[in-house]
Each structure stands twice: as C-alpha cells, then as structure tokens.
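First up is the structure itself, then whatever we jot down about it.
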Amino acid sequence: MSGTRLITVTGGKVQLQTCGLYAGHRVPILNAHHICPESWWLAAGKPVATPFKSLCPNCHESVHTAIDGILDGWDVTSLPPRCVVLARQAFTIAADFGLTPAPTL
Ligand SMILES: [Zn+2]
Ligand SMILES: [Zn+2]
C-alpha cells in the first residue's frame with residue numbers, strides 16, 4: 001500500500017486537511033491513494049492510469065482492508081460505507097483495464 005503523504009504548512013503553521021471521503025475527518029497528513037492499486041498495474045506490465053483520492057490515514061487503511069476483504073469474500077459491512085464504495089471502484093477499473101486484483105496489504 002504505497003501512497004504519498006501530503007502535509008500543508010502555511011506561514012509556518014501546520015494546517016489540518018479534510019479527508020476526501022468524510023468532511024468531519026480533519027487531519028495533519030493526508031495519503032494520496034491510488035483508487036485502483038498501483039501494484040495491479042505493475043503486475044500487468046501496464047502504465048499506472050488510475051485516478052487518486054486524498055484520504056485520512058484511517059480511511060486509507062479501511063479502503064485497503066475493504067479491497068482485500070472483497071477479494072477474499074469477507075463481510076466488510078463493519079467498515080465505513082464510503083471506504084467500501086471506493087474499494088469497489090478499484091475492481092471496476094481493474095475489470096475495464098484487464099488487471100488482476102491481488103491483496104494490497
Ligand atoms: Zn492506497
Ligand atoms: Zn477519513
């Protein structure tokens with residue numbers, strides 16, 4: 001699960017940032033998440049062509065848990081619903097581009 005850490009400092013002051021899934025999640029560091037995991041593109045030998053979403057660290061972990069859970073047939077209903085929706089988009093993109101989903105954690 002790779003992802004660039006995004007920090008914003010304005011005038012020497014650390015700014016809280018808003019999670020791309022839940023506006024109530026205000027955090028100092030956002031993770032740039034590949035909606036369709038980078039590892040799936042690399043495994044297929046294709047250029048990475050996924051959109052990104054900026055997520056708080058908790059949502060980021062939840063999305064990857066959901067991706068792996070959907071892959072393994074787990075019940076993921078305990079996870080935040082928007083994280084599960086975003087995880088499902090990974091499989092849609094993978095199908096569109098002929099990628100093979102694999103565990104991401
Ligand atoms: Zn990610
Ligand atoms: Zn969040």
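In region 52-73, the residues that are touching a residue at least 12 places away in the same chain (Cβ under 8 Å) reach residues that are among the β-branched types (Val, Ile, Thr) and in a strand (DSSP E or B) with C-beta atoms within less than 9 angstrom, at least six apart or across chains, in these pairs: PHE52/THR4; SER54/THR18; CYS56/THR18; CYS56/VAL27; CYS56/ILE29; PRO57/VAL27; PRO57/ILE29; ASN58/VAL27.
Checked against (1) hydrophobic (A, V, I, L, M, F, W, C); (2) within 16 Å of ligand 2 (Cβ to nearest atom); (3) exposed (fewer than 12 other Cβ atoms within 10 Å of the Cβ), ALA32 passes all but condition (3). Restricting region 89-103 to residues that are surrounded by 13 or more Cβ atoms within 10 Å (Cβ to Cβ) and assigned to a helix (DSSP H, G or I) leaves a set whose member that is farthest from ligand 1 (Cβ to nearest atom) is PHE97. Note on region 1-23: residues that are closer than 23 Å to ILE67 by Cα and either away from ligand 2 (no atom under 16 Å from the Cβ) or not β-branched (Val, Ile, Thr) (or both) total 11.
Of LEU30, LEU71, all but one fail to be modelled with pLDDT of 95 or more and in a strand (DSSP E or B); the exception is LEU30.
Just to be sure before I move on: is LEU55 over 10 Å from the mean Cα position of the chain (by Cα), within 23 Å of VAL84 (Cβ to Cβ) and buried (at least 17 other Cβ atoms within 10 Å of the Cβ) in the structure I sent? No, not satisfied.
In summary, ALA49 fulfils each of the numbered conditions (1) surrounded by fewer than 17 Cβ atoms within 10 Å (Cβ to Cβ); (2) of a type in the set (Gly, Ala, Ser); (3) within 14 Å of ligand 1 (Cβ to nearest atom) with the single exception of condition (3).
The values are calculated or read from the model by the stated rules, or taken from the named source; none is laboratory data. Not measured: the values here are computed from a predicted model. Note that each Cβ is placed from the backbone with ideal geometry, even for glycine, and that neighbours are counted across all protein chains shown.
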